[in-house]
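What follows is a set of notes on a single structure, which appears directly below.
No lab work stands behind these numbers, since they all come straight from the coordinates. All values derive from a computational prediction rather than experimental measurement. FYI the Cβ positions are ideal-geometry reconstructions off the backbone, even for glycines, and counts take in every protein chain you see.
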Amino acid sequence: MLYRRFGNTGWDISAIGMGTWNIGNQWGEIDDATAWESIRSCFDHGINMFDTAESYGIPNGLSEERLGKGLAGLRHQAYVVTKIGNWGQRTGQGVPKTTVDMIRLCAHACLHRLRTDWIDVLLCHEGNIEDPSIYLEAFEVLKQEGRLRHFGISTDSFEVLKRFNQDSTCSVVQVNYSLLNRASEAQLLPYCEENDIAVMVRGPLAMGLLSGRYTKETRFSDTIRAAWHDGASGQERFERQCGMVDKLGRGIQPGEEMV
């Protein structure tokens, strides 16, 4: 496994991390044993960063619960990233974080579900937030309490990131980035390099498109994936992305990959 310096944290992080959205049953139901086995297998293959969120799971928080159990006995050898925000959003009943105490309570609930005394990285999960001051204040309080080591935000917006880093306290940003989505190269990624902000990439495989799992001929029979490509516009977007993958593939040389 390749390890890289993670911004200003001083940590050496595996180049590949484990995202745990899928072990929360939101992409199809899996049992506890399968979730735990996936976590252990990732760890055994050198992965030391695990990404989750309070909103991952049916019910919300199931991903954190399973990750906490899966890392039993390994906690000091792993870095755990979780996120606050979007709680209940997928049921259409989002719970806004409007006070420092509310964010603190959410963080302590994360700690309980993860079966840990500290969170390595806590991210704001509201990627379009206008005023992040409540989060920034709450995250500083959590750091003073010893419950949080570093914090940051999950966003694709350069302007949002700048607002969140107004006091130069943002250590990590999570951004959607792949060969199909390189918008962050213009401003966001150079800003992170200049300010020594660690970058966590989400969607490096473009949700399976770059791995070759899906093609233009793919039709989603399960209701979960079908919902992402619902209607004519959804199907058109999917086919357009597949066309981009085909074009990229024609330029790949032997031994090269699209990720």
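Observations on the model:
- Fewest-first ranking of THR9, THR116, THR82, THR98, using other Cβ atoms within 10 Å as the exposure measure: THR98, THR9, THR116, THR82
- Mean residue ellipticity, 222 nm, helices only, the chain: the sum of -39500 (n - 2.57) across DSSP H runs of n ≥ 4, divided by residue count and rounded to 500, is -10500 deg cm²/dmol.
- Volume in Å³ per residue [convex hull over Cα atoms, computed for segment 1-160]: 117
- For the chain, share of DSSP beta bridges that run antiparallel, in % to the nearest 5: 15
- All aspartates and glutamates inside 19 Å of LYS216 as judged from Cα atoms, apart from same-chain residues fewer than 8 positions distant: ASP230, GLU236, GLU239, ASP246
- As a length-normalised measure over Cα pairs under 8 Å and 6 or more apart, the relative contact order of segment 14-159 settles at 20 percent.
- Of GLU54, GLU194, GLU130, the one that fluctuates the most in a GNM where the chain has Cα springs shorter than 10 Å: GLU194
- Proximal lysines relative to LYS97, as straight alpha-carbon distance under 22 Å, when same-chain residues fewer than 8 apart are discounted: LYS83, LYS143, LYS162
- Segment ALA33-GLN77, extension gain: residue separation times 0.36 nm, minus the distance between their alpha carbons: 13.7 nm
- The charge dipole of segment 1-65, taken about its Cα centre with unit charges on the Cβ atoms of Lys, Arg (+1), Asp and Glu (-1) only, comes to about 420 debye.
- Projecting the Cα positions of LEU114, HIS125, SER55 onto the charge dipole of segment 44-155 (unit charges on Cβ atoms of Lys, Arg, Asp and Glu, taken about the Cα centre) puts LEU114 furthest along the positive direction.
- Taking the charge dipole of the chain about its Cα centre, with +1 at Lys and Arg Cβ atoms and -1 at Asp and Glu Cβ atoms, the residue from ASN8, LEU74, PHE158 reaching farthest to the positive side is LEU74.
- Under 5 Å from the amide H of GLN174 lie the amide H atoms of ILE153, SER154, THR155, MET200, each residue being 5 or more positions distant or on a separate chain, with H modelled from the backbone and absent for Pro and chain starts.
- Highest mobility in the GNM of the chain, judged by mean-square fluctuation with C-alpha springs under 10 Å and restricted to PHE238, PHE151, PHE139, is found for PHE238.
- Inter-probe distance in nm under a simple model that places probes 7 Å from Cα toward Cβ, at MET102 and GLU140: 2.0
- Look at MET18, MET1 and count the other Cβ atoms within 10 Å of each Cβ; fewest to most, that gives MET1, MET18.
- Mean separation of Cα contacts under 8 Å (6+ apart) over length of the chain, as relative contact order %: 14
- Modelled label positions at ASP196 and SER233, each set 7 Å beyond Cα in the direction of Cβ, lie 4.4 nm from each other.
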